[in-house]
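Trainee: Before we start, here is the structure in question, set down as structure tokens.
Where a number appears in this text, it was derived from the coordinates with a stated rule and is not lab data. Remember, it's a predicted structure, so these values are computed and weren't measured experimentally. Note: ideal-geometry Cβ built from the backbone for every residue, glycine included; neighbour counts use all protein chains shown.
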Amino acid sequence: MATDALPTPADEDVPSQRYSGLLAGEIEARWQARWAAEGTFVVPRTVDVGPGGKFFLMDMFPYPSGSGLHVGHPLGYIATDVYGRFLRMCGVRVLHTLGYDAFGLPAEQYAIQTGTHPRATTEANIERYRAQISRLGLAHDPTRSVATTDEAFYRWTQWIFLQIYNSWYDEAAGRARPIAELAAAYEAGELATPDGRSWVELSADEQAAALDARRLAYRAEVPVNWCPGLGTVLANEEVTVDGRSERGNFPVFRRELTQWMMRITAYADRLLDDLDDLDWPASVKAMQRNWIGRSEGALIRFPAGEVEIEVFTTRPDTLFGVTYMVIAPEHELVDRIVPGSWPAGGDPRWCAGAATPREAVAAYRADVAAMSERDRQAEARPKTGVWTGAYATNPATGEPVPVFIADYVLAGYGTGSIMAVPAHDQRDFELARALDLPIRPVVAAGDGRDRLDASAWPDAYVGDGELVNSAGASVSLDGLRVAEAKRVVTEWMASAGVGRATVTYKLRDWLFSRQRYWGEPFPIVYDEGGRAHALPASMLPVTLPDLDDYRPRSADPDDGASEPEPPLTRASDWVEVTLDLGDGPRRYRRETNTMPQWAGSCWYELRYLDPCDEQRFVDPELERFWMGPQRPGDPGGVDLYVGGVEHAVLHLLYSRFWHKVLFDLGEVSSREPFRRLFNQGYIQAYAYTDRRGVHVPAEEVVERDGAWWYGDEPVRRSYGKMGKSLKNSVSPDEMCDRYGADTLRLYEMSMGPLDVSRPWDTRAVVGSLRFLQRVWRNLLDETTGEATVVDAPADAGTERLLHSTITAVRGELEHLRFNTAIAKLIELNNHLTTIGGPVPLCVAEPLVLMLAPFAPHAAEELWSRLGHTATLAHEPFPVADPAKLVAESATYPVQVDGKLRATVTVPVDAGEEAVRAAALAAVTGWVEGRDVVKVVVVPGRIVSVVLGKG
RNA sequence: GCCCAGGUGGCGGAAUCGGCAGACGCGGAGGUCUCAAACACCUCUGACCGCAAGGUCGUGCGGGUUCGAGUCCCGCCCUGGGCACCA
């Protein structure tokens, strides 16, 4: 096709001042330059504020990826901008800016792919993002933007790490305290040292070890998620349910490795309880509760020869129903209880045909190890297990119970061991059936099954009921209900010294080190004895050294036995340092792990308050002003935080944890970082594949006869994410070029409620352009660009509509319902089009002001052409006059037997009788010959006439 | 399996202290302007019946409450998301 044959619009046919994409582009560039030059959106670093109050408004900051933005990315940014502009016009001091989350794996991987240094690609990506975002006309304070990769920023990330490192959790006080106070407490004898000796008896190394063991940031050899494909270990939160990395989808292996951990579990209860005080979506709260996974139960010790097996159970009431025990296969206790040969009394089916218990255990462990994480978690997999040859003693009955290993018991939860009650636990029931273990009911089922004989039961009985078969020498539960039995047995266990009530969590401590290059270095060095030392704050920042080769040592993604090797170990000049940490210059080795991507985002909201502060990470006065609690019970925090739901348990849990540590240490006055959270939906798109399964450009696909065609070829349609590889990506730049940023903003806001995902439809964008065009045409001459408004009063109908629109738009904006607010503005403007003639100034001005949050450039331009010289950014948002809302007549729909039959119009002050009479008169044809049983008049609403039967 | 959302025209969506279902926009049909068009303008546009006036049906399905139900209650179905051998 010859493109030069395309018709070009003749210039003289289109009025020169018609609001087109081209004109919009010119207006937008001009106003953006003016806002920048005048510092319109710069917020002073002072804490005085007018009567409108303050509002700290935030978006989840972007990760500047190499592929740039598509139209879905700025959805939330536009929404917060509209809301912020509205609040500003309501006299509120609004803090709104945007930074960049620029450390992390993807930036590093992108750098490796393109062969350039991560700093270079990161900076280029940030510039690209800035350019794309600035075209949208967002009213950010440009002086408060940060990037987590800035030395001036990560200096404070390291500083906060030091605060956490130099703290311990005082369980008695329920808060973190400086580690020096722990040393003081040990020294004063207020706290017992780990081995009971007095503090002064301990060597310096022993004292240091005792403190290190309690720090909130600590090193420990723990089972970690080793991902050879990424060359690093990962946090639990970064591993998917089928045991692969969230990034890159590589296999993840469990390995014991020494790593940096954050003691987030100390905060489990507070992280859980404080959710109640947050204005967050219920789904996010539910996900966090689920992830923390608090469960109340009891720890019970079962003697087994030389050792004791401690189990965690939520059903201590079923203690008399224990018929066997299970330990996780990898549990260290297993090797200590396995006897040399099979004792008498066991069932051959428990032994898997092995000659000795040791062989049985080894074979079972080998089977488990050979299984992939996916297989292990597969649904409906039959329960397996093998006897260890050992017996333990039920502390309530004195009975011996066989001890098994089975992979349905997880080493990482509770104590890694369970008491099996097959009658009342489905998993135990399944293994009991598989190995023909006894099943002893101790809770009388109320559902018709046999209460004492489980041989015909189809499944475990997990409901409530009366305890039976539960009387021992020192305690009896018979006759009690489950809840009561739990209480009684727990009291008995405590007095008998065999167990106690406890709480466990699914939440694990946060694995905080990564074997990657592109992250914050730890402010930690090791002495020649291998002991860790924190650097003093005066030595911060510890800057990331330049490296020629920043790649992780590549390992086979499937080789779980490979070793992580941080790239920073290669920076030998950087690693080996001589420092004076208070006892003269000595040689040290730097920590070569880096922090995970989440570190910077754990506290960036605080840095927005003053990114230039070189004395502190945040000024306490600014923090109190912008984030402090507003009333008793208020946790404080950012007033509105908008972002996607994908960070429900990662970023949002980690940042709450860091914030609480800072709160405990007195560094911030708010105990939560984000008071209100709003999850925006996603913009999705259709993608099309041809018969080979290859994606074709979505823009060029047409619909014909209910099918989709790419040229002459039929294509298949799918729906989902927008992405370059799917060939369905639309960039904000091309939308700005074709329609202007204001049209794009308006379109994205009118697509639907902010929290709902919706499909992108480029064809529909023109509707928003038409709206702006019509507003433009109603107020200006399309040929001359002169305002056509008149300084005359509006007619009563127009005035009433204006004021009802103001009321509605304010209400919708307050609740972030931008789509319906826009619909109201369109209705008002359509009314002005319909009545024709010049628009009165007293209608034009409020219309422009109400439009301003959505389409700020067009509104500014109209405002100036209406004769104003200053920006409208701080003009008061229109306020409705209640007196102008009153109509003189009211229209009632009239129903007869529930069906709409007529409408009547009566004076607005008509009494109920008059309305009733008018309504009946309007439906005589329907009522004729029938009895009117009842007439319901709902004032201002409706009239309902009820006829008799027949 | 458990938890949380949500099912309304051809499409995105309005309307929930129960009160005219389908605001607003896209798409579609017809028309205006134009040599022709367009990101212009006007009219119509839930389905069915009817020349029309008008009527009947209609908010996932089945019941119920009510003068009146998209909205409340009971029982299902489906879709999306989260969690999932957590003792």
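Trainee: Find the relative contact order for the range A:287-418 and round it to a whole percent, using C-alpha pairs within less than 8 Å whose residues are 6+ positions apart. Don't jump to the answer; show the numbers that get you there.
Mentor: Numbers: 220 pairs, mean separation 45.4, N = 132.
In percent, rounded to a whole number, it is 34.
Trainee: Please give me, ordered by residue number, the GluC sites (Glu not before Pro) of the range A:541-649 that lie in loop per DSSP and have at most 15 other Cβ atoms within 10 Å. It would help to have the intermediate numbers written out before the result.
Mentor: Numbers: sites: A:576, A:591, A:605, A:614, A:621, A:623, A:646; in loops: A:591, A:614.
Loop-located and lightly packed - A:614.
Trainee: A follow-up question, please. Once you place label points 7 Å from the Cα toward the Cβ at residue A:734 and residue A:294, how far apart are they in nm?
Mentor: 5.1
Trainee: Note down the net charge around residue A:584, summing +1 for each Lys or Arg and -1 for each Asp or Glu among other residues with Cβ under 14 Å from its Cβ.
Mentor: Numbers: positive: A:586, A:587; negative: A:527, A:528, A:580, A:583.
Net charge in that neighbourhood comes out at -2.
Trainee: How many Lys pairs in chain A lie less than 28 angstrom apart by Cα atoms, where the lysines are 8 or more positions apart or on different chains?
Mentor: Summing the qualifying lysine pairs gives 14.
Trainee: Assuming 0.36 nm per residue, please report the length gained on full extension of the stretch residue A:897 to residue A:924 beyond their Cα-Cα distance.
Mentor: On the way: separation 27, 0.36 × 27 = 9.72 nm, distance 1.34 nm.
So the extension gain works out to 8.4 nm.
Trainee: Related question: Residues in the range A:915-950 near a label at residue A:890, defined as backbone nitrogen under 11 Å from the 7 Å Cα→Cβ point?
Mentor: From the range A:915-950, the list is A:915-916, A:937-943.
Trainee: Beyond 17 Å, what share of the Cα-Cα pairs of the range A:817-923 is found? Please give it as a whole percent. Could you put the intermediate results ahead of the total?
Mentor: Details: 3845 of 5671 pairs.
I get 68 percent for the Cα pairs in the range A:817-923 exceeding 17 Å.
Trainee: Set the Förster distance to 45 Å, then compute FRET efficiency between residue A:495 and residue A:676 from the Cβ-Cβ distance, nearest 0.05. Please list the in-between numbers first.
Mentor: Numbers: r = 48 Å, r/R0 = 1.06.
FRET efficiency, residue A:495 to residue A:676: 0.40.
Trainee: Can you give the FRET efficiency to the nearest 0.05 for residue A:565 and residue A:612, using r as the Cβ-Cβ distance and R₀ = 41 Å? Numbers along the way, then the final one.
Mentor: Details: r = 38 Å, r/R0 = 0.93.
Rounded to the nearest 0.05, the efficiency is 0.60.
Trainee: Sticking with this structure for a sec: Determine, from the Cβ-Cβ distance of residue A:770 and residue A:548 and an R0 of 56 Å, the FRET efficiency 1/(1 + (r/R0)^6), rounded to the nearest 0.05. All intermediate terms of the calculation are to be shown ahead of the outcome.
Mentor: Values: r = 56 Å, r/R0 = 1.00.
According to the calculation, E is roughly 0.50.
Trainee: Expressed as a whole number of Å, what is the distance separating the alpha-carbon centroids of the range A:90-131 and the range A:846-861?
Mentor: What the calculation gives is 30 Å, centre to centre.
Trainee: Another question, then. Enumerate the amide H contacts of residue A:401 below 5 Å, restricted to partners 5 or more residues apart or on another chain; note that Pro and chain-start residues carry no placed amide H.
Mentor: Excluding prolines and chain starts, which carry no amide H, the hits are A:392, A:393, A:394.
Trainee: Grab the Cα-Cα distance for residue A:933 and residue A:719, subtract it from 0.36 nm times how many residues apart they are, and report the gain in nm with one decimal. List each step's numbers first, then the result.
Mentor: Values: separation 214, 0.36 × 214 = 77.04 nm, distance 5.48 nm.
Computed gain between residue A:933 and residue A:719 is 71.6 nm.
Trainee: Let me ask something additional. Can you tell me, using C-alpha contacts under 8 Å and at least 6 residues apart, the relative contact order of chain A as a whole percent?
Mentor: Numbers: 1750 pairs, mean separation 135.5, N = 950.
Worked out over chain A, it gives 14 percent.
Trainee: For residue A:436 and residue A:249 in the same chain, what is the full-extension length gain: residue separation times 0.36 nm, less their Cα-Cα distance, in nm?
Mentor: Values: separation 187, 0.36 × 187 = 67.32 nm, distance 4.01 nm.
The span from residue A:436 to residue A:249 would gain 63.3 nm if fully extended.
Trainee: Here's another thing I want to ask about it. Give the residue from A:360, A:749, A:599 lying farthest towards the positive end of the charge dipole for chain A; charges sit on Cβ (+1 for Lys and Arg, -1 for Asp and Glu) and the dipole is referred to the Cα centre.
Mentor: A:749
Trainee: Please rank A:397, A:578, A:415, fewest neighbouring Cβ atoms within 10 Å first, as an exposure proxy.
Mentor: Numbers: A:397 15, A:578 8, A:415 21.
Sorted ascending by nearby Cβ count, the order is A:578, A:397, A:415.
Trainee: Rounded to the nearest 500 deg cm²/dmol, what is the calculated helix-only ellipticity per residue at 222 nm for chain A, with -39500 (n - 2.57) per DSSP H run of length n ≥ 4? Provide the component values of the computation, followed by the final result.
Mentor: Working: 28 runs with 297 residues, N = 950.
For chain A, the value works out to -9500 deg cm²/dmol.
Trainee: Within chain A, which whole H helices from DSSP have a Cα span along their axis of at least 18 Å and a mean Kyte-Doolittle hydropathy of -0.5 or more, if any?
Mentor: Working: long enough: A:21-38 (25 Å, -0.25); A:75-89 (21 Å, 0.41); A:118-134 (23 Å, -1.07); A:151-165 (20 Å, 0.01); A:357-370 (20 Å, 0.02); A:482-496 (20 Å, 0.26); A:651-664 (20 Å, -0.01); A:765-779 (22 Å, 0.28); A:796-814 (27 Å, -0.14); A:818-835 (26 Å, 0.45).
Helices passing the filter in chain A: A:21-38, A:75-89, A:151-165, A:357-370, A:482-496, A:651-664, A:765-779, A:796-814, A:818-835.
Trainee: Magnitude of the Cβ-charge dipole of chain A, K/R +1 and D/E -1, about the Cα centre, nearest 20 debye?
Mentor: On the way: 97 positive and 133 negative charges, 307 e Å.
Roughly 1480 debye, rounded to the nearest 20.
Trainee: Got the relative contact order for the range A:818-950 handy, in percent, Cα pairs under 8 Å and 6 or more residues apart?
Mentor: On the way: 138 pairs, mean separation 22.4, N = 133.
For the range A:818-950, the relative contact order is 17 percent.
Trainee: With a cap of 16 neighbouring Cβ atoms within 10 Å, and only residues DSSP puts in a loop, list the GluC sites (Glu not before Pro) found in the range A:778-815. It would help to have the intermediate numbers written out before the result.
Mentor: Values: sites: A:782, A:786, A:799, A:812, A:814; in loops: A:782, A:786.
Within the range A:778-815, the qualifying GluC sites (Glu not before Pro) (loop, at most 16 other Cβ atoms within 10 Å) are A:782, A:786.
Trainee: Identify the GluC sites (Glu not before Pro) of the range A:879-950 meeting these criteria: DSSP loop state and at most 12 other C-beta atoms within 10 Å of the C-beta.
Mentor: Working: sites: A:888, A:912, A:913, A:928; in loops: A:888, A:928.
Answer by residue number: A:888, A:928.
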